[in-house]
Amino acid sequence: MATLICRSTSCWNLLVSQRMVVCTTAGSAVAACRGVQATRRVFAHQDATAKSVHGEKNQNLVLKAPKGTHDVHPKQMAIREKVFNIVVKCFKRHGAESIDTPVFELKEILTGKYGEDAKLIYDLEDQGGEKLSLRYDLTVPFTRYLAMNKISHIKRYQIAKVYRRDNPALGRYREFYQCDFDIAGHYDPMIPDAECLKIMYEILSELELGDFLIKVNDRRLLSGILTVCGIPESKLKTVCTSIDKLDKVPWDKVRSEMIEEKEMRPEIVDRLGEFIKLNGDLALIQQLSENPLVSQNMLAMEALNDLKLLHRYLEIFGVTDKESGEKIRTTETQVLVATAQAMHLEEKMKLLTMLWNFGIKAEMLYKKNPKLLTQLHYCESAGIPLVAIIGDQEIKDGVVRLRDVATREEVEVSKEHLAEEIKKRTS
């Protein structure tokens with residue numbers, strides 16, 4: 001088939017005005033454009049209100065992306081690629097392999113795996129004798145991949161789009177990326193779990209998103225708490241579905257749902273609410289372990305013991321609470337000169353002058369008698385690493401108490417060696 005292009009003025013004007021692309025096998029392109037009998041294929045991209053070649057008006061056509069989807073522009077793609085590179089680099093650093101799975105699965109494989117969310121699965125028309133559905137997440141395809149290939153151990157990652165037939169609110173989509181990292185197999189307790197959390201910690205830190213909170217879930221603990229609160233086994237799954245909504249809706253609405261829609265007794269729901277509202281780390285784990293109600297449930301205690309072990313491993317991996325890290329400092333102050341008792345303003349000014357003369361970056365609060373706690377809080381908020389504290393006894397002995405703000409450790413240093421010690425600690 002030959003493609004012929006007509007360059008005549010009249011044909012060119014016709015093509016431009018109608019935004020048409022003509023692909024033809026006619027002996028004459030002019031003939032094709034004029035509608036003369038010819039074998040041809042015409043693909044037309046027209047304005048919604050533009051007239052056709054024969055003068056008829058097209059129906060209105062709204063140009064937009066389907067609901068719950070969006071186009072990604074070059075700048076957004078550049079950001080996405082940067083994020084994906086950071087994520088993939090971390091996965092590979094931890095020895096993960098990459099796999100890919102089809103965007104659709106057999107419907108029967110997906111059915112029954114998502115509970116109440118199964119209604120959000122996109123079903124496709126029966127094609128070639130198979131009932132298919134678009135993947136809802138990457139987890140079920142992964143488990144199908146493991147079973148089909150008889151794989152018992154693998155550390156894999158996958159970044160791909162998933163689809164949910166939802167009525168999306170602002171900022172949520174029907175088509176979006178999921179990023180999965182899994183360590184499949186049987187291992188000693190909490191070792192793989194700790195590494196997964198370490199990976200999350202590394203990625204979120206490197207993305208520099210600001211403060212973040214990683215929430216750790218153990219279904220054994222939740223099931224144990226539900227049981228001791230008096231929730232029957234037949235309703236454990238549906239109650240868990242309600243609890244999962246707490247990130248989006250307040251407890252009052254979740255409580256009403258469990259009582260009115262799921263027919264739970266109010267006293268049982270309120271007892272559960274006392275546990276649901278708790279949050280914390282190792283201290284909470286210990287508190288729950290000592291709770292007379294929770295300690296009766298073996299499943300809950302197994303989970304709490306494992307969570308203690310997980311916390312220990314996370315400490316070794318360096319995944320711990322930290323102040324938003326590390327504050328951005330606007331000054332280079334090395335030490336704050338502070339007083340432990342009142343009426344030492346002049347002594348404080350003398351010490352400050354001495355430090356300035358030695359080239360030390362130092363400051364003090366502009367109050368005669370500030371409280372020591374106020375001065376220490378100022379150091380923490382400003383990121384000042386050291387505090388030089390003087391009081392009655394220090395003045396008498398000719399020494400200064402030098403305090404490390406981060407560790408709260410204090411040492412006595414003679415005035416003559418104070419500048420040298422500050423330089424050594426802040427260099």
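Table for the structure above
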quantity: Virtual spin-label span in nm between T111 and T330, 7 Å along Cα→Cβ; calculated: 6.3
quantity: Accessible area (Å², per residue) of region 93-195, counting only protein heavy atoms and a probe of 1.4 Å; calculated: 60
quantity: Share of carbon and sulfur in the accessible heavy-atom surface of region 104-229 [1.4 Å probe, %]; calculated: 52
quantity: Fraction of accessible area attributable to carbon and sulfur, region 328-407 (%, probe 1.4 Å); calculated: 57
quantity: Distance (nanometres) between label positions extended 7 Å along Cα→Cβ at E409 and K423; calculated: 2.2
quantity: Contour minus Cα-Cα distance for S381 and V88 (0.36 nm per residue); calculated: 101.9 nm
quantity: Accessible-area value, S427, 1.4 Å probe, nucleic acids and ligands omitted, Å²; calculated: 130
quantity: Rounded accessible area of K92 (nearest 10 Å², 1.4 Å probe); calculated: 130
quantity: Burial order of peptide ranges 275-286, 220-231, 369-380 (average beta-carbon count within 10 Å, highest first); calculated: 220-231, 369-380, 275-286
quantity: Low-density loop positions, trypsin sites (Lys or Arg not before Pro), region 166-213 - DSSP coil, at most 15 other Cβ in 10 Å; calculated: R172
quantity: Probe 1.4 Å, protein heavy atoms only - accessible area per residue of region 303-372 in square angstrom; calculated: 66
quantity: Within straight-line cross-link reach of K67, lysines at Cα separation under 20 Å, skipping those fewer than 8 residues along the same chain; calculated: K119, K161
quantity: Gyration tensor verdict on region 267-390 (Cα atoms; rounded if a/c is under 1.5, prolate if a/b is larger than b/c, oblate otherwise); calculated: prolate
quantity: Intensity falloff of region 132-236 expressed as log10 I(q)/I(0), Debye formula with alpha-carbon point scatterers, at q = 0.15 Å⁻¹; calculated: -1.02
quantity: Rounded, prolate or oblate (a/c below 1.5 giving rounded, otherwise prolate when a/b exceeds b/c) for region 73-168 by Cα gyration tensor; calculated: oblate
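The values are calculated or read from the model by the stated rules, or taken from the named source; none is laboratory data. Computed from a prediction, not measured in an experiment: that's the story for all the values here. Note: ideal-geometry Cβ built from the backbone for every residue, glycine included; neighbour counts use all protein chains shown. Only protein heavy atoms, including side chains, enter the accessible area calculation; ligands, DNA and RNA are left aside. Shrake-Rupley method; radii C 1.70, N 1.55, O 1.52, S 1.80 Å.
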